[in-house]
1. Checking the structure you have, find out if any residue of segment 320-335 is assigned by TED's automatic domain parsing to the domain that holds GLY192, crowded, with 17+ Cβ neighbours inside 10 Å and farther than 25 Å from CYS420 by Cα.
2. Mind checking which residues of segment 174-198 are within 17 Å of PRO295 (Cβ to Cβ), surrounded by fewer than 20 Cβ atoms within 10 Å (Cβ to Cβ) and either of a type in the set (Phe, Trp, Tyr) or in contact (Cβ under 8 Å) with a residue 40 or more places away in the chain (or both)?
3. Determine, yes or no, whether VAL430 is closer than 18 Å to THR33 by Cβ, crowded, with 16+ Cβ neighbours inside 10 Å and modelled with pLDDT under 85.
4. Determine the pairs where a residue that is assigned to a helix (DSSP H, G or I), located within segment 16-27, has a partner that is not aliphatic (A, V, I, L, M) with Cβ atoms under 6 Å apart, the partner being 6 or more residues away or on another chain.
5. Helices (runs of 4 or more DSSP H) wholly in segment 297-396 with at least 3 residues that are of a type in the set (Lys, Arg) - which ones?
6. Which pairs have Cβ atoms under 8 Å, sit 6 or more apart or on different chains, and link a residue in segment 81-93 that is more than 9 Å from SER61 (Cα to Cα) and in the same structural domain as LEU68 (by TED's automatic domain parsing) to one that is in a loop (DSSP other than H, G, I, E, B) and β-branched (Val, Ile, Thr)?
7. Could you please find all residues in segment 323-351 being more than 18 Å from the chain's Cα centre (by Cα) and at pLDDT below 90?
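The values are calculated or read from the model by the stated rules, or taken from the named source; none is laboratory data. Computed from a predicted model, the values in this text were never measured in an experiment. When we count neighbours, we look across all protein chains shown, and the Cβ atoms used for this are built from the backbone with ideal geometry, even at glycine.
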Amino acid sequence: MDFAELEAVEGLRWPWHSWPPTTPAAASLVVPTSVLCSPLQHPTAPDLLPLLPYAPLRCASPGCGAALNPFSRVHHGSARWSCAFCGAAANPFPRLLAPDALPAELFPTHSSVEYLLPPDPAEPGGPGPPALVFVIDAATAAEELTVLKDEVRRLMQGLPEGIRVALVTFAASVWVHDLGFEGCARVVVLNGERELESDKIQKLLGIHRSQYKNLAMPRSTEVQRFLLPVSECEFNITSAIEDLSSMPACPRGHRPLRATGAAISTAIALLEGCCSPSTGGRIMIFTSGPATVGPGCVVETDLGKTIRSHRDIFNSNAPLTDKARDFYKKVAKRLTDHALVLDLFACSLDQVGAAELRNPIEVTGGLMVHTESFEYEQFKSCFRHMFRREGTNYLNMNFNATIEIVTSKEVKICGALGPCISLRRKNNSVSDKEIGEVYDKVPTW
């Protein structure tokens, strides 16, 4: 099997052909030795990547945790196996397996395998379907808002019935739409100029955290008023989107009031109160301008004061940018703690504050799409591509993945580049030279 065939099976690309034999040779490398990983790649030959219906056998040595692999040695007489990474030889091996009935992990051709893990006993039936929160900028021009509403309504008709959805709109204030209220439209209005704690927002929304640590315990029925399955709220959310009107009016010489940061924080608080940390979800922002009020503000409303330029950012002459980045770093931490993804869809000829929003979007693996108009095909094709289903009853999305790297003592890990954040689990396999995302000698993301 050549490199291309192996890459198609494993989803790993090794951009080097020889390992540096000495320390000076490794130090002289211009490009660091690395591995490109595509964990969600569909294998071209599924029979070469077995799916095993049990949990992996892992090394019991502290600080190792390597899984059983073709390089491990099995001693059937003592029912033990030796770890090829740390050398520990006292790992228990199932006695039920005879020498002529080896598990798939030990076959030389199976350098990579997949495991179908048993369900978490704390969550019978699994974590449930993901949640989607649509955060729409009501200060968008009427023509653009009409096109956006049509696209979102079209999406609603194609979502699986079990997907839970919520609607948050914003301008100077933030409106959280009650999708479970019958008889008339009902919204909860929050001040867009204040940075509220998550618990405070949940209290204002009537969302109360469960008093039980067991995630499987039933939650208050009040929680489900703002986040409901599409099958239960399609009419209400579609009506709320249709009734949404443009509110770009502002005094002459001023920018529209946009509380983008407060709207994002509210959407996160909503999902923190309604979903368990393992559920996963997406928060999608549709905006047409920069945040001008509240947390995450990047420019003042007065048009006489221009938005920061790249030179201002490089010269540390953008005080609003520094405050906004500090705020969005906290937002990124909340997003990753609850397996949430942040996406930005911007329609503007001018800047919208994407530089400040970059961190939470990158670390959560979100999308940033910036076009001149929501009418452009680039926006529509990207938006529809996110929700492709390919004939299945679920969305082609993945959440809450964990990557852990185990190496032998001769190899050290510098870090990771990509949509990930450190889980801060200590290990001795991290190099003193840090590259990308790494925290306190932690090779787990």
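1. Residues of segment 320-335 that are assigned by TED's automatic domain parsing to the domain that holds GLY192, as a first pass: 320-335.
Now restrict to residues that are crowded, with 17+ Cβ neighbours inside 10 Å: 320-321, 324-325, 327-328, 331-332, 334-335.
From what is left, the residues that are farther than 25 Å from CYS420 by Cα are 320.
Yes: segment 320-335 contains one or more residues that are assigned by TED's automatic domain parsing to the domain that holds GLY192, crowded, with 17+ Cβ neighbours inside 10 Å and farther than 25 Å from CYS420 by Cα.
2. Correct list: ASN191, GLU193, ARG194, GLU195, LEU196, SER198.
3. yes
4. Correct list of pairs: ALA26/PRO20.
5. 319-337
6. Once the first residue is more than 9 Å from SER61 (Cα to Cα) and in the same structural domain as LEU68 (by TED's automatic domain parsing) and sits in segment 81-93, its partners that are in a loop (DSSP other than H, G, I, E, B) and β-branched (Val, Ile, Thr) give PHE85/VAL406; PHE85/THR407.
7. Passing the criteria: SER348, LEU349, ASP350, GLN351.
The rows are residues; the columns are (1) within 18 Å of THR402 (Cα to Cα); (2) more than 26 Å from the chain's Cα centre (by Cα); (3) not small (Gly, Ala, Ser).
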{"position": "VAL30", "(1), (2), (3)": "no, yes, yes"}
{"position": "LEU40", "(1), (2), (3)": "yes, no, yes"}
{"position": "LEU48", "(1), (2), (3)": "no, yes, yes"}
{"position": "ALA60", "(1), (2), (3)": "no, yes, no"}
